[in-house]
Ligand SMILES: [Zn+2]
């Protein structure tokens, strides 16, 4: 969050489009913060994206095969994404995935560890910690201005809460 993941995904997708490659962009359907059928970055860049509820739903949009498949916020997708992206990569499709590696507790997020391990190339982006200015690798979750509790569910899209980047030292979890 705030580290420029969507900006980077959009940058790569736009380069592929300039190169006249066939590109399919997906996003989890639960992520409707900005726009239903676009990936939108914090600085206002955008590309069209197909909202999907599952990896299985993605398959319907993948024949004929595109040359590039990009997925934003992959941490919210199901484990069916793993065999799907393996198969795509095996067939020579370029797969670009963006997601949060850690949840608000500072623990690996969903299927991200396995995707990171299987990827040929990984780029870890960081935001800036607003408290101390250090590179921020964590997501601070605040509920009513206070650090969220460890036992709070990870996914509460649209709830009354606030997220901000934090470094390891400034990241807080309530128990
Ligand atoms: Zn800090």
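So which residues in segment 129-155 are within 15 Å of the ligand (Cβ to nearest atom), over 15 Å from residue 102 (Cα atoms) and part of a loop (DSSP other than H, G, I, E, B)?
Within segment 129-155, 129, 130, 131, 132, 133, 134 meet the criteria.
Return yes or no: is residue 92 within 16 Å of the ligand (Cβ to nearest atom), in the same structural domain as residue 50 (by TED's automatic domain parsing) and part of a loop (DSSP other than H, G, I, E, B)?
Details: within 16 Å of the ligand (Cβ to nearest atom): no; in the same structural domain as residue 50 (by TED's automatic domain parsing): yes; part of a loop (DSSP other than H, G, I, E, B): yes.
No, not satisfied.
Which of the residues spanning segment 56-77 are crowded, with 17+ Cβ neighbours inside 10 Å, in contact with a strand residue (DSSP E or B) (Cβ under 8 Å, 6 or more places away or on another chain) and at negative phi?
Within segment 56-77, 58, 66, 68, 69, 70, 71, 72, 74, 76, 77 meet the criteria.
Which one of these is surrounded by fewer than 20 Cβ atoms within 10 Å (Cβ to Cβ) and touching a helix residue (DSSP H, G or I) at 6+ places or on another chain (Cβ under 6 Å): 80, 99?
On the way: 99 fails: surrounded by fewer than 20 Cβ atoms within 10 Å (Cβ to Cβ).
When all the criteria are applied, what remains is 80.
Taking the conditions exactly as written (surrounded by fewer than 19 Cβ atoms within 10 Å (Cβ to Cβ), assigned to a loop (DSSP other than H, G, I, E, B) and at pLDDT 95 or above), does residue 120 satisfy them or not? Talk me through it step by step, then tell me what you get.
Numbers: surrounded by fewer than 19 Cβ atoms within 10 Å (Cβ to Cβ): yes; assigned to a loop (DSSP other than H, G, I, E, B): yes; at pLDDT 95 or above: yes.
So residue 120 passes the test.
The values are calculated or read from the model by the stated rules, or taken from the named source; none is laboratory data. Remember, predicted model here, so these are calculated numbers, not experimental data. Counting neighbours? That spans all protein chains shown, and the Cβs are built from the backbone with ideal geometry, glycine included.
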